[in-house]
1. Taking θ = phi - 60°, what integer Hz values does the Karplus form 6.51 cos²θ - 1.76 cosθ + 1.60 yield along segment 202-212, in sequence order, with x for Gly and Pro?
2. How many angstrom lie between the Cα centre of segment 176-239 and the Cα centre of segment 84-109?
3. Putting +1 on Lys and Arg Cβ atoms and -1 on Asp and Glu Cβ atoms, find which of 19, 104, 138 reaches farthest to the positive end of the dipole of segment 1-145.
4. Where does the chain land at 222 nm, in deg cm²/dmol rounded to the nearest 500, when only DSSP H runs of n ≥ 4 count, each adding -39500 (n - 2.57), divided by all residues?
5. Go through segment 74-119 and name the trypsin sites (Lys or Arg not before Pro) that are in a DSSP coil and have 12 or fewer other Cβ atoms within 10 Å of their Cβ.
6. What are the ³J(HN,Hα) couplings of segment 143-160, residue after residue, when phi is run through the Karplus curve with 6.51, -1.76, 1.60 and θ = phi - 60°? Round to Hz, x for glycine and proline.
7. What share of all Cα pairs of segment 179-236, in percent, falls into each consecutive 10 Å distance bin?
8. Using the Cα centre of the chain as the reference point, and only Cβ charges (+1 on K/R, -1 on D/E), how large is the resulting charge dipole? Debye, rounded to the nearest 20.
Amino acid sequence: MPGSNARALEKAKTLNADSIIIDLEDAVSPDEKSEARRMVSEIVRAGGYGQREVVVRINALSSPWGEADLEVAVAAGPDAILVPKVSSAADVFEIGQRLDADRAEANLKLWVMMETPIAMLHAEEIAAAAVGPAGRRLSTLVMGTNDLAKDSRARLMPGRTPMVPWLMTCVAAARSYGLNIIDGVFNDLSDVDGFIAECRQGRDFGMDGKTLIHPSQIDPCNCAFAPSESELAWARAVIAAFAEPRNAGKGAIKVEGKMVELLHADMARRTVAIGEAIAKQETA
């Protein structure tokens, strides 16, 4: 949501989204930066977003606006700060040290945009920063596919063939260090089928969710990333089968004619946990 659009930021309080990214970077023109900071400070402090995570995306610290953005964002107290153009572990450490120096709340998380060619080459290094003291706040990688396409000259196309190696590299990096990873945006609001296909692709790649640019994208995205009834039924069947006394201590068993291992039971428990979390949120 543009940090300069009060109406959009108020509407965000009613959206069926897990997180709201309030933007001070690309969605705000240079002439509006100062007013956007003031508005974001007031709105984030006021709260009212319920269970939705509130994330403030600042401008890069190397830009003319980054320092002021960071100061305002920390003081406002969001759930996380999203930093663009991160290219190395040093960038993560720098922002982490700044947050500590600014006495940011201990639970303030750090999200980083993965949107440059050099970030793709340093994906493992960036994710690994989370295990160091200065990078301990790092929790989420966000794919910036538009900027990545611009800087790499790769084409944005159905199926995202040029992007697949980079997307999967970042998934592997995130999973290696216990981080979340959010897929990039889909630009064509009129192409609903293409959007749904890309959501499903991101889900199949192992992404935790997708960055959205319009409220109309929320429900199709939620549907794509939520476990289906058949997936939940299968997961529960696997869990129940391994819980049977006759299967105690077994590493592999047959469920409904399929061979499954303990790793499948772990995957099943995660699927059920996601389904239960969604159901709880829907009834809240």
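The values are calculated or read from the model by the stated rules, or taken from the named source; none is laboratory data. The structure presented is a predicted model; accordingly, all values stated were derived computationally and were not measured. No Cβ is skipped: glycine too gets one built from the backbone with ideal geometry, and neighbour counts run over all protein chains shown. The accessibility values were calculated without ligands, DNA or RNA, using every heavy atom of the protein model including side chains. Shrake-Rupley method; radii C 1.70, N 1.55, O 1.52, S 1.80 Å.
1. x, 4, 5, 6, x, 5, 8, x, 9, 6, 10
2. 28
3. 19
4. Taking each H run of at least 4 residues, the total per residue is -14500 deg cm²/dmol.
5. When the trypsin sites (Lys or Arg not before Pro) of segment 74-119 are filtered for loop state and at most 12 Cβ neighbours within 10 Å, 103 remain.
6. 6, x, 5, 5, 5, 5, 5, 4, 6, 8, 6, 6, 7, 8, 8, x, x, 6
7. Binned Cα distances yield the sequence 24, 52, 21, 3.
8. With only Lys, Arg, Asp and Glu charged at Cβ, the dipole is about 720 debye.
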